[in-house]
1. In region 124-139, is there at least one residue being closer than 27 Å to Val376 by Cβ and hydrophobic (A, V, I, L, M, F, W, C)?
2. Does region 81-92 contain at least one residue that is open to solvent by 30 Å² or more (accessible area, probe 1.4 Å), within 16 Å of the ligand (Cβ to nearest atom) and of a type in the set (A, V, I, L, M)?
3. Scan region 420-443 and report the pairs whose first residue is open to solvent by less than 50 Å² (accessible area, probe 1.4 Å) and whose second residue is part of a strand (DSSP E or B), with Cβ atoms within less than 7 Å and a gap of 6+ or a chain change.
4. Can you tell me which condition Ile350 does not meet? The list is (1) away from the ligand (no atom under 16 Å from the Cβ); (2) surrounded by 24 or more Cβ atoms within 10 Å (Cβ to Cβ); (3) under 19 Å from the mean Cα position of the chain (by Cα); (4) not in a helix (DSSP H, G or I), and all the others hold.
5. Only one residue in Leu300, Leu244, Leu296 is among the aliphatic types (A, V, I, L, M), open to solvent by less than 10 Å² (accessible area, probe 1.4 Å) and either touching a Ser or Thr at 6+ places or on another chain (Cβ under 8 Å) or in contact (Cβ under 8 Å) with a residue 60 or more places away in the chain (or both). Which one?
6. Taking the condition surrounded by 18 or more Cβ atoms within 10 Å (Cβ to Cβ) and either outside the structural domain of Gln18 (by TED's automatic domain parsing) or of a type in the set (Lys, Arg) (or both), does Leu368 pass?
7. Only one residue in Leu342, Leu353 is assigned by TED's automatic domain parsing to the domain that holds Leu119 and out of contact with any helix residue (DSSP H, G or I) (no Cβ under 6 Å at 6 or more places or on another chain). Which one?
8. Please give the helices (runs of 4 or more DSSP H) falling wholly within region 257-314 in which 1 or more residues are within 16 Å of the ligand (Cβ to nearest atom) and either acidic (Asp, Glu) or modelled with pLDDT of 95 or more (or both).
Amino acid sequence: MPNRILLRGGHILTMDPQLGDLPRGDVLIEDDKIAAIEPRIEADAEVVDANGRVVIPGFVDTHRHTWESAIRGVAPNATLDDYFVDILDTFAPVYTADDVYASNLAGALECLNAGITTLVDWSHINNTPEHPDAGVRGLQETGIRAQYAYGSANTSLADYWFESKIVIPKDDVRRIRDTYFSSSDGLLTMGLATRGPGFCTDDVVRAEWEMARDLGIPITVHVGMGRMAGRFGMIKQLDGLGLLGPDTTYLHCCYFSEEEWQLVARSGGTVSIAPQVEAQMGHGWPPVAKSIEYGLRPSLSIDVVTTVPGDMFTQIRSAFGIDRARRNEIYWEKNEPAEGHLTARQMLEIATLNGAFVAGLEDRTGSLTVGKQADVVLIDARAINIAPVHDAVTAVTLCADVSNVESVLVAGQFRKRDGKLLADVERARQLVENSRDRLVGAVADKKAAAA
Ligand SMILES: [Zn+2]
């Protein structure tokens, strides 16, 4: 007999365009899948009271450097330029495999706690061949759904980020793929975290794009951010190299020419926007509405917890507020009423369904749809910061915070229940605190040795 869970009497926001919302409904989960969504279901199942809760698909974070969990909050005032020096040239070189494991474990638990059920882990911290194994293991142990995006080493800023001549080692990417990702239907999938033109020589760019395509894994790359990459014209360069394609996710996209937007849209590429980081660190305006104008389906990402919070509520609000503020200013200048504002419902779709699309997982997650994986979040809408509910979408996007994420299921398994993670959180915290102490010590030692 399959394992059955019945979520009873919740306000269900399926995000499935066919199903829509059920102001009061039941969700039946059988093993790892959603078996039924109806106003009322009778089934021999473990019944979970969802009355007073808003039931949504899990959030999807399409780009986070999870390895940075151990250095959370170290760079509150950093610009993107500062970040390259303070994080990539200071902390990254002293990271051991154990630090990556601790960060990925704690970071993935942080995601689950906040209702993020799918994570693209952009792991450019592969300083030794033990590092990728440690990163994958950290994710795996938490039961999160994740795309592990294998990136370069980061032992020196000069070697890896300025016209880098070093290609990500294909043999090791293949080893990791064959060791952990031989089946494509598990919780973990794989990608290649590439640096791209400007950061690497053309030969390296070509080699990395060809590697990903040869190994059959998608590509993710930072583009069009800040003074640095904003001027590279990376999309034009990639187009010149003949490398644009539907298997590539472009992160940030703040400084694109019209032509670059069209090139991305025409090539079937996907986009991930990290609004809080972009606004705060100088990447540029988060182009959420802009990307929609080009027919794209943008997703949201957290990017770096060194500098911004790690939850999706922050990103939703950040994108929503910034995009509308910018539009209001443009229309103020024109002396006309503002038009074309993003809506709260669009933001929820962007944070769930679009995320799954961008992560290449729309066939299995991103909406509450019969037959999809049961990646489900219950938001406690009886909480004092949410009640009384007038509109369930508003409750999630503009009222709720992490404290209201009551229960979280990934593939039909409770990972958080009644407000508590079902994991050894104490151990994860200890590991990440020990890692913090070691990293801070190693950086101090290096500085003392250089003085
Ligand atoms: Zn990033």
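1. Yes, that holds for at least one residue.
2. yes
3. That search, which allows pairs on different chains as well, returns Leu421/Arg415.
4. Result: Ile350 fails condition (4) only.
5. Criteria check complete, one pass: Leu300.
6. yes
7. Going through Leu342, Leu353 in turn, just one is assigned by TED's automatic domain parsing to the domain that holds Leu119 and out of contact with any helix residue (DSSP H, G or I) (no Cβ under 6 Å at 6 or more places or on another chain): Leu353.
8. 275-281
The values are calculated or read from the model by the stated rules, or taken from the named source; none is laboratory data. Note that the coordinates shown come from a computational prediction; the quantities given were computed from them, not determined experimentally. Methodologically, a virtual Cβ is constructed for each residue, glycine included, from the backbone with ideal geometry; neighbour enumeration extends over all protein chains shown. The protein model used for the area step is the full one, side chains on, heavy atoms only, and it has no ligands, DNA or RNA in it. Shrake-Rupley method; radii C 1.70, N 1.55, O 1.52, S 1.80 Å.
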